[in-house]
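What follows is a single structure, written as structure tokens, with notes after it.
The values are calculated or read from the model by the stated rules, or taken from the named source; none is laboratory data. Keep in mind the model is a prediction, meaning the values are calculated, not measured. Cβ: placed from backbone, ideal geometry, glycine included. Neighbour counts: every protein chain shown.
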Amino acid sequence: MQAVRGMNDVLPEQIGGWQLLERVTRELFAAYGFEEMRVPLVENTALFKRAIGEFTDIVEKEMYTFTDSGGDSLTLRPEGTAGVVRAAITNGLLRGARLKLWTSGPMFRHERPQKGRYRQFHQIDVEAIGFAGPDVDAELIAMTARLWRQLGITRVKLKLNSLGTSQSRRAYREKLVAYFRQHESVLDADSRRRLEGNPLRILDSKNPEMQAVVSAAPLLTDHLDPESREHFDALCAMLAASGIDYVLDPRLVRGLDYYSRTVFEWVTDALGAQDAICSGGRYDGLINQLGGDATPAIGFAMGVERVVELISQAGMPLTQPPPDVYVITSGERAQRNTLALVEKIRDELPQVRLHVNLGGGNFKAQFRRADKSGAPLALILGDGEFERGVAALKPLRQETGQSECPLSELTARIPAILKDLAGLSHAG
RNA sequence: GUGGACGUAGCUCAGCUGGUAGAGUCCCGGAUUGUGAUUCCGGCUGUCGCGGGUUCGAGUCCCGUCGUCCACCCCA
């Protein structure tokens with residue numbers, strides 16, 4: 001028995017980073033006025049083909065596609081934007097509205113797994129729909145920059161580019177194809193194949209033998225239409241004014257066809273080859289292409305596994321806090337009465353983390369578990385204590401002696417004792 | 001999808017040129033039958049990833065397969 005390749009279990013010892021990221025993003029997005037929505041993990045295959053593009057790697061070879069018993073071709077979502085846009089259209093959310101949305105969950109791509117790249121992975125998606133100007137672009141990027149600060153992540157860099165409108169991109173693309181055809185003898189097999197489907201990707205090639213041809217190729221940046229140029233310059237100015245560093249990367253091309261104008265990518269040098277942790281861009285043409293009224297939009301996706309890895313590298317304390325009180329019992333009568341007593345304490349003190357020793361064990365073993373739990377205080381209930389109507393309280397993290405407390409006063413006294421112990425341990 | 005490294009106890013790992021598996025840790029019990037560390041004593045856990053082949057004999061050699069990791073490709 002093993003998990004399906006590329007699909008991982010997230011164990012309790014790792015969950016802290018996930019919960020921190022979830023908590024911080026939830027609060028941050030709310031502060032910027034974004035609302036959560038949830039969409040299905042499965043959509044009609046045609047949606048992804050139309051949105052992402054027939055000739056992208058994702059659609060060509062990475063989708064988990066199957067035919068259901070009704071004969072429909074369905075696909076496990078490989079990315080989040082298509083589903084959100086489809087939901088906005090089919091639920092009538094677009095009528096002149098300005099939407100600020102986020103969603104999160106698993107995505108599926110059939111790739112060869114390696115560190116930071118899995119077949120089931122998780123993304124947090126943010127989409128701003130109905131905003132045309134560069135101000136949203138800047139706000140989204142500023143929000144992500146703030147997120148890294150809040151998470152203590154420092155080894156990141158922002159790469160920025162503009163792809164222009166689909167019209168200007170088409171014109172540039174023809175120029176580029178013409179250029180590469182002139183140098184076709186130098187191109188490797190991958191690049192020759194891309195000449196037809198997605199020539200912009202050739203610019204991304206890491207093949208050293210092609211570097212000369214690639215770096216001499218015409219640049220997208222030099223072929224932007226005037227409006228896109230203006231949009232991009234305004235964005236850069238806003239980022240600079242906000243103190244957000246960026247690197248212009250004229251070769252930054254995204255792998256999905258729907259992007260236009262602004263594209264950006266946060267990269268890190270801390271994760272090996274999988275260096276993109278958060279990236280996105282404008283998709284002004286997508287909504288119309290999917291049957292909605294023409295609506296400008298921009299969004300980004302963050303790779304949860306990758307960001308969580310950076311969080312744990314940053315050394316944030318991520319473990320669940322230890323219990324406040326560990327309850328030890330001894331004897332038949334004590335064991336019969338402990339649950340009811342502890343439940344009563346919980347009624348009065350719901351915020352106190354109380355761990356009752358379960359599964360028996362002799363006194364020594366129970367104390368060992370109490371010690372290992374990290375609890376500052378042990379509550380000891382034996383038959384003798386119950387007969388006298390008291391409980392013994394023993395501090396576990398310092399040498400203070402053991403004391404007794406009438407059962408009726410426990411809920412009144414426990415908070416004060418815990419406060420004392422916390423104060424002492426901070427002082428010490 | 002391509003290339004490479006690796007896969008032995010829950011965990012970290014040892015196991016020489018083939019002779020039927022070991023250490024530390026963890027966990028449990030005892031020394032101390034109502035008190036945690038340390039110490040000492042005792043105990044538990046293995047289809048040596050899986051399948052096949054060579055051999056009298058395979059953890060060890062060969063082939064296949066699955067998985068992990070690294071790089072390419074691509075991407076979050």
Given the structure, is residue A:331 surrounded by fewer than 18 Cβ atoms within 10 Å (Cβ to Cβ), under 18 Å from residue A:420 (Cβ atoms) and within 11 Å of RNA strand B (Cβ to nearest atom)?
no
Tell me, please, whether a residue that is away from RNA strand B (no atom under 11 Å from the Cβ), β-branched (Val, Ile, Thr), outside any helix (DSSP H, G or I) and buried (at least 17 other Cβ atoms within 10 Å of the Cβ) can be found in the range A:283-295.
yes
Considering the range A:184-212 alone, what residues qualify as being over 26 Å from residue A:166 (Cβ atoms) and either surrounded by 14 or more Cβ atoms within 10 Å (Cβ to Cβ) or within 12 Å of RNA strand B (Cβ to nearest atom) (or both)?
A:186, A:188, A:189, A:206, A:207, A:208, A:209, A:210, A:211
Which of the residues belonging to the range A:87-122 are under 16 Å from residue A:5 (Cβ atoms), more than 8 Å from RNA strand B (Cβ to nearest atom) and polar (S, T, N, Q)?
A:120
Of the conditions (1) touching a residue at least 12 places away in the same chain (Cβ under 8 Å); (2) of a type in the set (Gly, Ala, Ser); (3) part of a loop (DSSP other than H, G, I, E, B), residue A:243 satisfies every one except a single condition; which number is it?
(1)
Do we have residue A:371 as surrounded by fewer than 20 Cβ atoms within 10 Å (Cβ to Cβ) and away from RNA strand B (no atom under 13 Å from the Cβ) here?
no
In this structure, does residue A:229 turn out to be at pLDDT below 90 and either more than 16 Å from RNA strand B (Cβ to nearest atom) or not aliphatic (A, V, I, L, M) (or both)?
no
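For (1) under 24 Å from residue A:149 (Cα atoms); (2) hydrophobic (A, V, I, L, M, F, W, C), each residue gets a yes or a no:
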{"site": "A:244", "(1), (2)": "yes, yes"}
{"site": "A:261", "(1), (2)": "no, no"}
{"site": "A:268", "(1), (2)": "yes, no"}
{"site": "A:273", "(1), (2)": "yes, yes"}
Please list, ordered by residue number, the helices (runs of 4 or more DSSP H) wholly in the range A:98-217 having 1 or more residues that are under 25 Å from residue A:273 (Cβ atoms) and at pLDDT below 90.
A:189-197, A:211-216
Kindly indicate which of A:42, A:24, A:84 is in contact (Cβ under 8 Å) with a residue 60 or more places away in the chain and either away from RNA strand B (no atom under 16 Å from the Cβ) or among the basic types (Lys, Arg) (or both).
A:24
Across the range A:28-77, which residue is surrounded by the most Cβ atoms within 10 Å (Cβ to Cβ) among those that are within 25 Å of the chain's Cα centre (by Cα) and of a type in the set (Lys, Arg)?
A:77
When every residue in the range A:334-352 that is touching a residue at least 24 places away in the same chain (Cβ under 8 Å) and within 16 Å of RNA strand B (Cβ to nearest atom) is compared, the one farthest from residue A:411 (Cα to Cα) is A:334
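Here is a yes/no grid of residues against (1) crowded, with 16+ Cβ neighbours inside 10 Å; (2) in contact with a Ser or Thr (Cβ under 7 Å, 6 or more places away or on another chain); (3) aromatic (Phe, Trp, Tyr); (4) at pLDDT 95 or above:
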{"residue": "A:274", "(1), (2), (3), (4)": "yes, no, no, no"}
{"residue": "A:300", "(1), (2), (3), (4)": "yes, yes, yes, yes"}
{"residue": "A:303", "(1), (2), (3), (4)": "yes, no, no, yes"}
{"residue": "A:308", "(1), (2), (3), (4)": "yes, no, no, no"}
{"residue": "A:312", "(1), (2), (3), (4)": "no, no, no, no"}
{"residue": "A:339", "(1), (2), (3), (4)": "no, no, no, no"}
{"residue": "A:345", "(1), (2), (3), (4)": "yes, yes, no, yes"}
{"residue": "A:349", "(1), (2), (3), (4)": "yes, yes, no, yes"}
Within the set of pairs 6 or more residues apart or between chains, which connect a residue that is over 19 Å from residue A:88 (Cα atoms) inside the range A:269-296 to a residue that is within 8 Å of RNA strand B (Cβ to nearest atom) and part of a helix (DSSP H, G or I) with Cβ atoms less than 8 Å apart?
A:271/A:306; A:274/A:306; A:276/A:306; A:277/A:306; A:277/A:307; A:278/A:307
With the first residue restricted to the range A:372-393 and required to be over 13 Å from residue A:406 (Cβ atoms) and part of a loop (DSSP other than H, G, I, E, B), and the second required to be near RNA strand B (Cβ under 8 Å from one of its atoms) and among the charged types (D, E, K, R), Cβ contacts under 8 Å at 6 or more apart or on different chains are A:376/A:397
Being surrounded by fewer than 18 Cβ atoms within 10 Å (Cβ to Cβ), of a type outside the set (Val, Ile, Thr), within 17 Å of residue A:412 (Cα to Cα) and within 34 Å of the chain's Cα centre (by Cα) is the requirement here; does residue A:321 meet it?
no
Out of all the residues in the range A:256-282, which are assigned to a strand (DSSP E or B) and within 11 Å of RNA strand B (Cβ to nearest atom)?
A:263, A:264, A:265, A:266, A:267, A:268, A:276, A:277, A:278, A:279, A:280, A:281
Only one residue in A:220, A:235 is buried (at least 23 other Cβ atoms within 10 Å of the Cβ), more than 16 Å from RNA strand B (Cβ to nearest atom) and over 24 Å from residue A:59 (Cα atoms). Which one?
A:235
